[in-house]
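S.K.: Mind having a look at this structure? Questions to follow.
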Amino acid sequence: MQGATGAVGTPRIVLVEYFLSDERALVFGVTADSSEADLVTVPFSRAEIRALAERIRVELGGGRPALGALLREEPLARLVAPVTRWARPGDLVYLVPHDVLHRLPLHAVPVDDGVPLSRRNPVVVTPSASVLQYCLTKRTGRRRDSALIIADPPAERPLVFAREQARAIAAQLGPTRTLVGKTASRAELLAALAADDAAPGILHFSAHGVFDPDEPMKSGIELADGRLTAEDLLGMTLDVDLVTLGACETGVSDRRPGDELIGLTRALLYAGAPSALVTLWRVDELSTSMLLRDFYAALAGGTSKAEALRQAQALLPERTLADVLAHARESRERLGDEPAATAALAREEARMLARSGDVEAALRLLADTLRTPGLSAPDLELLRVAQKRIMLAGPAVDAGPGSQVFADPYYWAPFVLVGDWY
(Lines give C-alpha, C1' and ligand atoms only; values in the text may rest on other atoms or scores of the structure.)
Protein backbone atom coordinates (compact mmCIF):
# COMPACT_ATOMS: atom_id res chain seq x y z
CA MET A 1 0.00 0.00 0.00
CA GLN A 2 1.29 3.45 -0.83
CA GLY A 3 1.20 5.98 1.98
CA ALA A 4 0.54 9.69 1.83
CA THR A 5 4.24 10.44 1.75
CA GLY A 6 4.86 8.18 -1.22
CA ALA A 7 6.53 5.47 0.89
CA VAL A 8 5.16 1.95 1.22
CA GLY A 9 2.95 1.49 4.28
CA THR A 10 0.50 3.57 6.26
CA PRO A 11 1.68 7.12 6.99
CA ARG A 12 1.91 8.57 10.47
CA ILE A 13 -1.50 10.14 11.10
CA VAL A 14 -2.26 13.22 13.20
CA LEU A 15 -5.84 14.10 14.15
CA VAL A 16 -6.51 17.81 14.83
CA GLU A 17 -9.94 18.75 16.18
CA TYR A 18 -11.33 22.27 16.68
CA PHE A 19 -13.94 23.74 18.99
CA LEU A 20 -15.04 27.39 18.87
CA SER A 21 -16.50 28.86 22.04
CA ASP A 22 -17.85 32.31 22.80
CA GLU A 23 -14.51 33.37 24.27
CA ARG A 24 -11.77 31.29 22.65
CA ALA A 25 -10.92 28.49 20.25
CA LEU A 26 -9.68 25.10 21.42
CA VAL A 27 -7.39 22.98 19.25
CA PHE A 28 -6.86 19.32 20.19
CA GLY A 29 -4.07 17.23 18.73
CA VAL A 30 -3.90 13.44 18.83
CA THR A 31 -1.22 11.15 17.43
CA ALA A 32 -0.88 7.38 17.50
CA ASP A 33 2.06 7.62 19.88
CA SER A 34 0.45 10.06 22.35
CA SER A 35 -1.17 8.83 25.56
CA GLU A 36 -3.73 11.65 25.56
CA ALA A 37 -4.85 14.62 23.47
CA ASP A 38 -2.77 17.77 23.61
CA LEU A 39 -4.67 21.06 23.92
CA VAL A 40 -3.83 24.50 22.59
CA THR A 41 -6.02 27.50 23.47
CA VAL A 42 -6.26 30.25 20.85
CA PRO A 43 -7.52 33.66 22.12
CA PHE A 44 -10.06 34.34 19.41
CA SER A 45 -13.81 34.08 19.95
CA ARG A 46 -16.37 32.39 17.75
CA ALA A 47 -17.69 35.84 16.75
CA GLU A 48 -14.24 37.03 15.62
CA ILE A 49 -13.64 33.93 13.52
CA ARG A 50 -17.13 34.13 12.02
CA ALA A 51 -16.47 37.75 11.07
CA LEU A 52 -13.28 36.75 9.27
CA ALA A 53 -15.13 33.91 7.56
CA GLU A 54 -17.70 36.40 6.31
CA ARG A 55 -14.96 38.63 4.90
CA ILE A 56 -13.56 35.61 3.08
CA ARG A 57 -17.00 34.74 1.71
CA VAL A 58 -17.40 38.26 0.33
CA GLU A 59 -13.91 38.17 -1.17
CA LEU A 60 -14.66 34.88 -2.91
CA GLY A 61 -17.65 36.49 -4.57
CA GLY A 62 -15.48 39.16 -6.20
CA GLY A 63 -14.22 39.18 -9.75
CA ARG A 64 -10.53 38.52 -9.06
CA PRO A 65 -10.23 37.41 -5.44
CA ALA A 66 -7.08 37.85 -3.37
CA LEU A 67 -7.67 35.12 -0.84
CA GLY A 68 -4.05 34.66 0.18
CA ALA A 69 -3.86 37.83 2.28
CA LEU A 70 -6.96 36.90 4.31
CA LEU A 71 -5.63 33.42 5.05
CA ARG A 72 -2.50 34.97 6.54
CA GLU A 73 -4.48 36.96 9.12
CA GLU A 74 -3.76 36.20 12.76
CA PRO A 75 -6.88 34.25 13.79
CA LEU A 76 -6.43 31.60 11.10
CA ALA A 77 -2.65 31.54 11.42
CA ARG A 78 -2.96 30.93 15.18
CA LEU A 79 -5.58 28.23 14.65
CA VAL A 80 -3.45 26.25 12.21
CA ALA A 81 -0.04 26.80 13.81
CA PRO A 82 -0.49 23.98 16.41
CA VAL A 83 -0.63 21.43 13.59
CA THR A 84 3.13 21.82 13.07
CA ARG A 85 3.63 21.10 16.76
CA TRP A 86 2.17 17.62 16.34
CA ALA A 87 2.77 16.74 12.67
CA ARG A 88 6.16 16.36 11.05
CA PRO A 89 6.49 17.31 7.36
CA GLY A 90 4.92 14.54 5.30
CA ASP A 91 2.67 13.23 8.08
CA LEU A 92 -0.98 12.78 7.14
CA VAL A 93 -3.13 15.41 8.88
CA TYR A 94 -6.84 14.89 9.53
CA LEU A 95 -8.72 18.10 10.32
CA VAL A 96 -12.00 18.02 12.23
CA PRO A 97 -13.45 21.53 11.84
CA HIS A 98 -16.13 23.06 14.03
CA ASP A 99 -18.81 25.66 13.35
CA VAL A 100 -17.87 28.04 10.51
CA LEU A 101 -14.44 26.39 10.12
CA HIS A 102 -16.16 23.75 7.98
CA ARG A 103 -16.39 26.39 5.25
CA LEU A 104 -12.81 27.65 5.42
CA PRO A 105 -9.76 26.24 3.60
CA LEU A 106 -7.65 25.57 6.69
CA HIS A 107 -5.31 23.47 4.55
CA ALA A 108 -4.36 26.63 2.62
CA VAL A 109 -3.33 28.67 5.67
CA PRO A 110 0.43 29.37 5.69
CA VAL A 111 2.53 27.70 8.39
CA ASP A 112 6.33 27.26 8.33
CA ASP A 113 8.01 30.12 6.42
CA GLY A 114 4.73 31.06 4.76
CA VAL A 115 4.24 27.63 3.17
CA PRO A 116 0.60 26.47 3.03
CA LEU A 117 -0.19 23.56 5.33
CA SER A 118 -1.19 21.39 2.35
CA ARG A 119 2.24 21.93 0.79
CA ARG A 120 3.86 20.60 3.98
CA ASN A 121 1.43 17.78 4.73
CA PRO A 122 -1.28 15.81 2.95
CA VAL A 123 -4.54 17.05 4.51
CA VAL A 124 -7.90 15.30 4.75
CA VAL A 125 -11.09 16.58 6.39
CA THR A 126 -13.59 14.57 8.40
CA PRO A 127 -16.82 15.86 9.99
CA SER A 128 -15.96 13.91 13.15
CA ALA A 129 -13.73 11.12 14.44
CA SER A 130 -16.68 8.71 14.33
CA VAL A 131 -17.35 9.51 10.66
CA LEU A 132 -13.67 8.91 9.92
CA GLN A 133 -13.86 5.44 11.46
CA TYR A 134 -16.98 4.75 9.39
CA CYS A 135 -15.19 5.83 6.18
CA LEU A 136 -12.14 3.69 6.89
CA THR A 137 -14.33 0.61 7.32
CA LYS A 138 -15.91 1.39 3.92
CA ARG A 139 -12.56 1.26 2.10
CA THR A 140 -13.31 -0.88 -0.94
CA GLY A 141 -9.86 -1.77 -2.23
CA ARG A 142 -11.42 -1.21 -5.65
CA ARG A 143 -9.07 -0.51 -8.55
CA ARG A 144 -8.99 3.13 -9.62
CA ASP A 145 -8.59 2.49 -13.33
CA SER A 146 -12.31 2.69 -14.10
CA ALA A 147 -14.73 5.57 -13.85
CA LEU A 148 -18.26 6.71 -14.48
CA ILE A 149 -18.17 10.36 -15.56
CA ILE A 150 -21.19 12.68 -15.63
CA ALA A 151 -20.36 15.91 -17.46
CA ASP A 152 -22.00 19.13 -18.62
CA PRO A 153 -25.74 18.41 -18.49
CA PRO A 154 -27.81 21.01 -20.36
CA ALA A 155 -27.89 24.27 -18.42
CA GLU A 156 -28.17 28.02 -18.91
CA ARG A 157 -24.45 28.28 -18.14
CA PRO A 158 -22.69 25.41 -20.00
CA LEU A 159 -19.56 23.98 -18.40
CA VAL A 160 -17.21 23.81 -21.37
CA PHE A 161 -14.25 22.44 -19.45
CA ALA A 162 -16.50 19.74 -18.03
CA ARG A 163 -16.43 18.02 -21.40
CA GLU A 164 -12.68 18.50 -21.58
CA GLN A 165 -12.37 17.02 -18.08
CA ALA A 166 -14.39 14.00 -19.15
CA ARG A 167 -12.12 13.23 -22.09
CA ALA A 168 -8.92 13.87 -20.17
CA ILE A 169 -10.00 11.67 -17.24
CA ALA A 170 -11.07 8.90 -19.59
CA ALA A 171 -7.64 8.97 -21.23
CA GLN A 172 -5.88 8.72 -17.85
CA LEU A 173 -8.00 6.08 -16.11
CA GLY A 174 -8.70 3.54 -18.81
CA PRO A 175 -12.16 1.88 -18.85
CA THR A 176 -14.75 4.61 -18.44
CA ARG A 177 -18.35 5.33 -19.22
CA THR A 178 -19.21 8.95 -19.89
CA LEU A 179 -22.66 10.55 -19.67
CA VAL A 180 -22.52 13.96 -21.37
CA GLY A 181 -25.16 16.55 -22.22
CA LYS A 182 -28.67 15.12 -22.37
CA THR A 183 -27.46 11.68 -21.26
CA ALA A 184 -26.03 13.22 -18.05
CA SER A 185 -29.29 12.48 -16.27
CA ARG A 186 -30.46 10.97 -13.02
CA ALA A 187 -32.10 8.12 -14.91
CA GLU A 188 -28.93 7.22 -16.85
CA LEU A 189 -26.80 7.56 -13.73
CA LEU A 190 -28.98 5.24 -11.66
CA ALA A 191 -29.11 2.72 -14.52
CA ALA A 192 -25.32 2.77 -14.86
CA LEU A 193 -24.80 2.25 -11.12
CA ALA A 194 -27.33 -0.60 -11.09
CA ALA A 195 -25.77 -2.41 -14.08
CA ASP A 196 -24.71 -6.01 -13.56
CA ASP A 197 -21.16 -5.46 -14.78
CA ALA A 198 -18.40 -4.26 -12.41
CA ALA A 199 -19.10 -0.98 -10.63
CA PRO A 200 -16.71 1.88 -11.40
CA GLY A 201 -13.89 2.71 -9.02
CA ILE A 202 -14.47 6.45 -9.42
CA LEU A 203 -17.69 8.41 -9.82
CA HIS A 204 -16.89 11.86 -11.23
CA PHE A 205 -19.34 14.75 -11.64
CA SER A 206 -18.54 17.83 -13.72
CA ALA A 207 -21.79 19.72 -13.33
CA HIS A 208 -23.29 22.65 -11.49
CA GLY A 209 -23.60 22.14 -7.75
CA VAL A 210 -26.19 23.93 -5.66
CA PHE A 211 -26.29 24.53 -1.91
CA ASP A 212 -29.76 25.17 -0.48
CA PRO A 213 -29.32 26.92 2.91
CA ASP A 214 -33.04 26.62 3.72
CA GLU A 215 -33.27 22.89 2.94
CA PRO A 216 -29.72 21.47 2.98
CA MET A 217 -30.92 18.00 2.03
CA LYS A 218 -32.21 19.52 -1.23
CA SER A 219 -28.66 20.60 -2.10
CA GLY A 220 -27.15 18.62 -4.93
CA ILE A 221 -25.93 18.34 -8.50
CA GLU A 222 -27.96 19.68 -11.42
CA LEU A 223 -28.45 16.92 -14.01
CA ALA A 224 -30.26 16.84 -17.33
CA ASP A 225 -33.56 15.67 -15.86
CA GLY A 226 -33.40 17.37 -12.47
CA ARG A 227 -31.29 17.73 -9.38
CA LEU A 228 -29.59 14.78 -7.73
CA THR A 229 -30.05 15.78 -4.10
CA ALA A 230 -28.44 14.82 -0.83
CA GLU A 231 -31.79 13.30 0.06
CA ASP A 232 -31.61 11.10 -3.06
CA LEU A 233 -28.12 9.92 -2.16
CA LEU A 234 -29.20 8.74 1.29
CA GLY A 235 -31.39 6.19 -0.46
CA MET A 236 -28.58 4.92 -2.69
CA THR A 237 -25.69 2.49 -2.27
CA LEU A 238 -22.42 3.76 -3.75
CA ASP A 239 -20.01 0.87 -4.19
CA VAL A 240 -17.16 3.08 -5.39
CA ASP A 241 -13.75 4.12 -4.08
CA LEU A 242 -14.07 7.87 -4.67
CA VAL A 243 -16.71 10.41 -5.63
CA THR A 244 -15.36 13.61 -7.17
CA LEU A 245 -17.67 16.61 -7.35
CA GLY A 246 -15.93 18.99 -9.75
CA ALA A 247 -18.69 21.52 -9.27
CA CYS A 248 -19.46 24.63 -7.25
CA GLU A 249 -19.97 24.62 -3.47
CA THR A 250 -20.48 20.85 -3.24
CA GLY A 251 -18.67 20.66 0.08
CA VAL A 252 -20.80 23.30 1.79
CA SER A 253 -23.20 21.97 4.39
CA ASP A 254 -25.62 23.39 6.88
CA ARG A 255 -24.78 23.19 10.59
CA ARG A 256 -27.23 21.93 13.17
CA PRO A 257 -26.96 21.92 16.98
CA GLY A 258 -24.12 19.64 18.01
CA ASP A 259 -22.30 20.64 14.80
CA GLU A 260 -24.05 17.88 12.88
CA LEU A 261 -23.48 18.52 9.18
CA ILE A 262 -26.37 18.10 6.81
CA GLY A 263 -25.64 18.21 3.11
CA LEU A 264 -24.20 16.56 0.07
CA THR A 265 -20.85 15.46 1.52
CA ARG A 266 -22.33 13.65 4.51
CA ALA A 267 -24.91 12.00 2.22
CA LEU A 268 -22.18 10.67 -0.08
CA LEU A 269 -20.31 9.13 2.84
CA TYR A 270 -23.43 7.54 4.30
CA ALA A 271 -24.32 6.16 0.86
CA GLY A 272 -21.14 4.10 1.02
CA ALA A 273 -18.41 6.15 -0.65
CA PRO A 274 -15.32 5.98 1.60
CA SER A 275 -14.14 9.37 0.38
CA ALA A 276 -15.30 12.40 -1.59
CA LEU A 277 -13.42 15.23 -3.29
CA VAL A 278 -15.61 18.32 -2.96
CA THR A 279 -15.42 22.10 -3.33
CA LEU A 280 -15.91 24.91 -0.83
CA TRP A 281 -16.78 27.68 -3.29
CA ARG A 282 -17.54 28.46 -6.93
CA VAL A 283 -14.55 27.18 -8.88
CA ASP A 284 -12.72 28.58 -11.90
CA GLU A 285 -13.21 26.14 -14.78
CA LEU A 286 -9.78 26.44 -16.37
CA SER A 287 -7.76 26.10 -13.16
CA THR A 288 -10.03 23.25 -11.99
CA SER A 289 -9.43 21.41 -15.27
CA MET A 290 -5.66 21.64 -14.77
CA LEU A 291 -5.78 20.66 -11.10
CA LEU A 292 -7.97 17.60 -11.72
CA ARG A 293 -5.75 16.51 -14.60
CA ASP A 294 -2.77 16.42 -12.22
CA PHE A 295 -4.82 14.78 -9.45
CA TYR A 296 -5.97 11.91 -11.64
CA ALA A 297 -2.53 11.45 -13.19
CA ALA A 298 -1.09 10.90 -9.71
CA LEU A 299 -4.00 8.68 -8.68
CA ALA A 300 -3.63 6.54 -11.79
CA GLY A 301 0.04 6.10 -10.93
CA GLY A 302 -0.83 4.48 -7.60
CA THR A 303 -0.56 7.52 -5.33
CA SER A 304 -2.99 7.80 -2.41
CA LYS A 305 -5.87 10.24 -2.77
CA ALA A 306 -4.51 12.52 -0.05
CA GLU A 307 -1.06 12.71 -1.61
CA ALA A 308 -2.47 13.07 -5.14
CA LEU A 309 -4.44 16.11 -4.01
CA ARG A 310 -1.41 17.54 -2.20
CA GLN A 311 0.68 17.21 -5.34
CA ALA A 312 -2.00 18.73 -7.60
CA GLN A 313 -2.53 21.68 -5.25
CA ALA A 314 1.22 22.27 -5.10
CA LEU A 315 1.63 22.12 -8.88
CA LEU A 316 -1.17 24.49 -9.89
CA PRO A 317 0.33 27.68 -8.34
CA GLU A 318 3.58 26.94 -10.21
CA ARG A 319 1.89 26.75 -13.62
CA THR A 320 2.85 29.71 -15.78
CA LEU A 321 0.69 31.64 -18.20
CA ALA A 322 2.49 29.78 -20.99
CA ASP A 323 1.42 26.47 -19.38
CA VAL A 324 -2.17 27.69 -19.13
CA LEU A 325 -2.19 28.73 -22.78
CA ALA A 326 -0.84 25.34 -23.82
CA HIS A 327 -3.53 23.59 -21.77
CA ALA A 328 -6.31 25.74 -23.26
CA ARG A 329 -4.99 25.07 -26.77
CA GLU A 330 -4.80 21.31 -26.18
CA SER A 331 -8.31 21.35 -24.75
CA ARG A 332 -9.63 23.22 -27.77
CA GLU A 333 -8.02 20.73 -30.12
CA ARG A 334 -9.40 17.81 -28.09
CA LEU A 335 -12.93 19.22 -28.46
CA GLY A 336 -12.59 20.28 -32.08
CA ASP A 337 -15.66 18.28 -33.06
CA GLU A 338 -17.91 20.32 -30.74
CA PRO A 339 -18.43 23.85 -32.16
CA ALA A 340 -19.88 25.41 -28.99
CA ALA A 341 -17.06 24.04 -26.86
CA THR A 342 -14.47 25.16 -29.39
CA ALA A 343 -15.87 28.70 -29.31
CA ALA A 344 -15.88 28.90 -25.52
CA LEU A 345 -12.35 27.52 -25.25
CA ALA A 346 -11.16 29.94 -27.93
CA ARG A 347 -12.56 32.84 -25.89
CA GLU A 348 -10.64 31.64 -22.83
CA GLU A 349 -7.44 31.15 -24.81
CA ALA A 350 -7.80 34.59 -26.41
CA ARG A 351 -8.28 36.17 -23.00
CA MET A 352 -5.06 34.57 -21.81
CA LEU A 353 -3.20 35.62 -24.97
CA ALA A 354 -4.30 39.21 -24.46
CA ARG A 355 -3.29 39.03 -20.83
CA SER A 356 0.20 37.95 -21.91
CA GLY A 357 0.42 40.98 -24.21
CA ASP A 358 -0.17 39.23 -27.54
CA VAL A 359 -3.35 41.07 -28.51
CA GLU A 360 -2.77 40.41 -32.20
CA ALA A 361 -2.72 36.63 -31.69
CA ALA A 362 -5.83 36.85 -29.48
CA LEU A 363 -7.81 38.73 -32.10
CA ARG A 364 -6.59 36.42 -34.86
CA LEU A 365 -7.74 33.36 -32.89
CA LEU A 366 -11.20 34.85 -32.36
CA ALA A 367 -11.49 35.82 -36.04
CA ASP A 368 -10.58 32.27 -37.10
CA THR A 369 -13.04 30.78 -34.62
CA LEU A 370 -15.86 32.95 -35.96
CA ARG A 371 -15.55 30.97 -39.20
CA THR A 372 -16.16 27.63 -37.43
CA PRO A 373 -19.09 25.78 -39.05
CA GLY A 374 -22.07 25.02 -36.88
CA LEU A 375 -21.78 27.88 -34.39
CA SER A 376 -25.06 29.16 -32.96
CA ALA A 377 -26.06 32.81 -32.97
CA PRO A 378 -25.31 33.17 -29.20
CA ASP A 379 -21.85 31.62 -29.70
CA LEU A 380 -21.10 34.05 -32.52
CA GLU A 381 -22.26 36.99 -30.43
CA LEU A 382 -20.07 35.97 -27.48
CA LEU A 383 -17.04 35.72 -29.79
CA ARG A 384 -17.71 39.22 -31.13
CA VAL A 385 -18.09 40.59 -27.61
CA ALA A 386 -14.75 39.01 -26.70
CA GLN A 387 -13.17 40.72 -29.70
CA LYS A 388 -14.51 44.11 -28.66
CA ARG A 389 -13.35 43.71 -25.06
CA ILE A 390 -9.82 42.83 -26.13
CA MET A 391 -9.67 45.69 -28.63
CA LEU A 392 -10.96 48.19 -26.07
CA ALA A 393 -8.53 46.97 -23.42
CA GLY A 394 -5.59 47.63 -25.73
CA PRO A 395 -2.05 46.30 -25.37
CA ALA A 396 -1.71 46.71 -21.60
CA VAL A 397 0.03 43.70 -20.03
CA ASP A 398 -0.70 42.58 -16.47
CA ALA A 399 1.11 39.25 -16.77
CA GLY A 400 3.96 37.88 -18.86
CA PRO A 401 4.23 34.32 -20.25
CA GLY A 402 6.28 33.27 -17.21
CA SER A 403 3.91 34.67 -14.62
CA GLN A 404 2.03 32.35 -12.27
CA VAL A 405 -1.62 33.14 -12.89
CA PHE A 406 -3.12 30.62 -10.45
CA ALA A 407 -0.90 31.38 -7.45
CA ASP A 408 -3.71 32.72 -5.25
CA PRO A 409 -5.41 30.05 -3.07
CA TYR A 410 -8.73 31.00 -4.66
CA TYR A 411 -7.76 28.77 -7.60
CA TRP A 412 -6.18 25.74 -5.92
CA ALA A 413 -7.68 25.64 -2.41
CA PRO A 414 -11.44 25.05 -2.97
CA PHE A 415 -10.95 21.28 -3.26
CA VAL A 416 -10.92 19.24 -0.05
CA LEU A 417 -10.75 15.48 0.38
CA VAL A 418 -13.23 14.14 2.94
CA GLY A 419 -13.10 10.65 4.43
CA ASP A 420 -10.59 7.89 3.67
CA TRP A 421 -7.08 9.14 2.80
CA TYR A 422 -6.06 6.09 0.76
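The values are calculated or read from the model by the stated rules, or taken from the named source; none is laboratory data. Just so it is clear, the model here is predicted, and its values are computed rather than measured. Reconstructed Cβ throughout: ideal geometry from the backbone, glycine too, with neighbour counts over all protein chains shown. Remember, those area values only see protein heavy atoms, side chains included, never the ligands or the DNA or RNA. Shrake-Rupley method; radii C 1.70, N 1.55, O 1.52, S 1.80 Å.
S.K.: Return the residues of the range 168-206 that are in contact with a Ser or Thr (Cβ under 8 Å, 6 or more places away or on another chain) and closer than 14 Å to E222 by Cβ; say none if nothing qualifies. Before the answer, list the steps.
M.R.: The first filter runs over the range 168-206 and keeps only residues in contact with a Ser or Thr (Cβ under 8 Å, 6 or more places away or on another chain), leaving 168-170, 173-176, 179, 198, 200-205.
Correct list: L179, F205.
S.K.: Still on this structure, I have one more. How about the range 296-340: which of its residues are part of a helix (DSSP H, G or I), open to solvent by less than 10 Å² (accessible area, probe 1.4 Å) and of a type in the set (G, A, S)?
M.R.: Residues satisfying the conditions are A306, A308, A312, A328, S331.
S.K.: Continuing with the same structure: Residues that are free of Cβ contacts under 8 Å to residues at least 60 places away in the same chain, within 29 Å of A207 (Cα to Cα) and open to solvent by less than 50 Å² (accessible area, probe 1.4 Å): does the range 95-109 have at least one? Step through it out loud before you land on a result.
M.R.: Step one: of the range 95-109, the residues free of Cβ contacts under 8 Å to residues at least 60 places away in the same chain are 106, 109.
Pick out the ones that are also within 29 Å of A207 (Cα to Cα) and you get 106, 109.
Filter again for open to solvent by less than 50 Å² (accessible area, probe 1.4 Å), leaving 106, 109.
Checking the range 95-109: at least one residue is free of Cβ contacts under 8 Å to residues at least 60 places away in the same chain, within 29 Å of A207 (Cα to Cα) and open to solvent by less than 50 Å² (accessible area, probe 1.4 Å).
S.K.: Can you spot a residue in the range 358-376 that is in contact (Cβ under 8 Å) with a residue 40 or more places away in the chain and either closer than 21 Å to V283 by Cβ or open to solvent by less than 50 Å² (accessible area, probe 1.4 Å) (or both)? Even if it seems obvious, please write down each step before you answer.
M.R.: As a first pass, look at the range 358-376 and keep what is in contact (Cβ under 8 Å) with a residue 40 or more places away in the chain: none.
Scanning the range 358-376 turns up no residue that is in contact (Cβ under 8 Å) with a residue 40 or more places away in the chain and either closer than 21 Å to V283 by Cβ or open to solvent by less than 50 Å² (accessible area, probe 1.4 Å) (or both).
S.K.: Quick check on this structure: which one of F406, F415 is within 21 Å of L292 (Cα to Cα), in contact with a strand residue (DSSP E or B) (Cβ under 8 Å, 6 or more places away or on another chain) and aromatic (F, W, Y)? Outline the logic, then answer.
M.R.: Numbers: F406 fails: in contact with a strand residue (DSSP E or B) (Cβ under 8 Å, 6 or more places away or on another chain).
Only one candidate passes the filter, namely F415.
S.K.: If you don't mind, another one. Select, from L223, L190, the only residue that is surrounded by 17 or more Cβ atoms within 10 Å (Cβ to Cβ) and of a type in the set (A, V, I, L, M).
M.R.: Details: L190 fails: surrounded by 17 or more Cβ atoms within 10 Å (Cβ to Cβ).
Going through L223, L190 in turn, just one is surrounded by 17 or more Cβ atoms within 10 Å (Cβ to Cβ) and of a type in the set (A, V, I, L, M): L223.
S.K.: Is it the case that some residue within the range 276-289 is more than 20 Å from H107 (Cα to Cα), at pLDDT 90 or above and part of a helix (DSSP H, G or I)? Spell out how you get there, then give the answer.
M.R.: The first filter runs over the range 276-289 and keeps only residues more than 20 Å from H107 (Cα to Cα), leaving 285-286, 289.
Subsequent filtering for residues that are at pLDDT 90 or above retains none.
No, the range 276-289 contains no residue that is more than 20 Å from H107 (Cα to Cα), at pLDDT 90 or above and part of a helix (DSSP H, G or I).
S.K.: Restricting the search to the range 4-21, which residues are farther than 18 Å from T126 by Cβ, modelled with pLDDT under 95 and not in a strand (DSSP E or B)?
M.R.: Restricting attention to the range 4-21, the residues satisfying the condition of being farther than 18 Å from T126 by Cβ are 5-9, 21.
Subset that is modelled with pLDDT under 95: 5-9.
Scanning the range 4-21 gives T5, G6, A7, G9.
S.K.: Related question: Mind checking which residues of the range 48-77 are closer than 21 Å to V27 by Cα, touching a residue at least 24 places away in the same chain (Cβ under 8 Å) and open to solvent by less than 70 Å² (accessible area, probe 1.4 Å)?
M.R.: Once the filter is applied, which keeps residues that are closer than 21 Å to V27 by Cα, touching a residue at least 24 places away in the same chain (Cβ under 8 Å) and open to solvent by less than 70 Å² (accessible area, probe 1.4 Å), the range 48-77 yields I49, L52, A53, L71, P75, L76, A77.
S.K.: Which residues, counting only those in the range 110-138, are more than 23 Å from R24 (Cα to Cα) and either under 18 Å from the mean Cα position of the chain (by Cα) or open to solvent by less than 40 Å² (accessible area, probe 1.4 Å) (or both)?
M.R.: Keep residues of the range 110-138 that are more than 23 Å from R24 (Cα to Cα), which gives 112-116, 118-124, 130-138.
Residues satisfying the conditions are P116, S118, R119, R120, N121, P122, V123, V124, V131, L132, C135.
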